[in-house]
1. Calculate the length of the line joining the C-alpha centroid of region 1-54 to that of region 124-152, in whole Å.
2. Ignoring ligands, DNA and RNA, what percent of the accessible area of the chain is carbon or sulfur (1.4 Å)?
3. Compute log10 of I(q)/I(0) for the chain with the Debye formula, placing one identical point scatterer on every Cα and leaving out solvent, at q = 0.13, 0.18 Å⁻¹, to two decimals.
4. Using 30 Å as the Cα-Cα cut-off, could you pick out the over-long pairs in K4/K162; K31/K104; K4/K70?
5. About the Cα centre, and with charges only on the beta carbon of Lys, Arg (+1) and Asp, Glu (-1), how big is the dipole of the chain? Nearest 20 debye, please.
Amino acid sequence: MLDKYFIRPLFWDYTIAITIAATVFWFYLKKILPLPQESHYLPMASDLSTISLTSSGFILTLLTVLITFKSGSDVTQENFREEQSTFKLFFASSLYFETVKHLKNCIKSLIIISIIGFSLKLGLPEKYRFALYFYNILGLVIIVLTLWRCLLILSKILEMQKKINIS
């Protein structure tokens, strides 16, 4: 299941988020779910955009650290020896480039969410501000799934380190 997810994670993240937001919108149209007061969801749009930018900064820092360590490592798959560190094994494996690709996509996704949030808050006429409520749902789901994906990636790296250290 996770292998299929990691083939196209952005597609799945946005598909899940749009589906959830559309379902809530459908409940709103059917008068099953009323909108909260604007004073509740308007500040949340700013909060989600800020959280998204902050999270992308943390992921960018992690990515910078990984790239910096990789540039200091001259290990390749051909010259890797068992007694070298786990990080060197990671840098020599194809997982490194896959990890960098996924982390870059996480950053892009979070920046897009923050730009959309700030743009909607700035540009939406007052009569359409209710759309921010549905953006909040979409943005929250994207942020959670993106951070979850980063956590999965880091967990896999730790698993790899644990396996190497045990053997």
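The values are calculated or read from the model by the stated rules, or taken from the named source; none is laboratory data. Here the structure is a predicted model, which is why all the values come from computation and not from measurement. A quick note on method: Cβ atoms are made from the backbone with ideal geometry, for glycine too, and the neighbour counts reach across all protein chains shown. These accessible areas exclude ligands, DNA and RNA; they are computed on the full protein's heavy atoms, side chains included. Shrake-Rupley method; radii C 1.70, N 1.55, O 1.52, S 1.80 Å.
1. When both Cα centres are located, 4 Å separates them.
2. Carbon and sulfur: 69 percent of the exposed surface of the chain.
3. Rounded to two decimals, the profile gives -0.71, -1.09.
4. Violating the 30 Å Cα-Cα cut-off are K31/K104.
5. Its charge dipole is roughly 380 debye.
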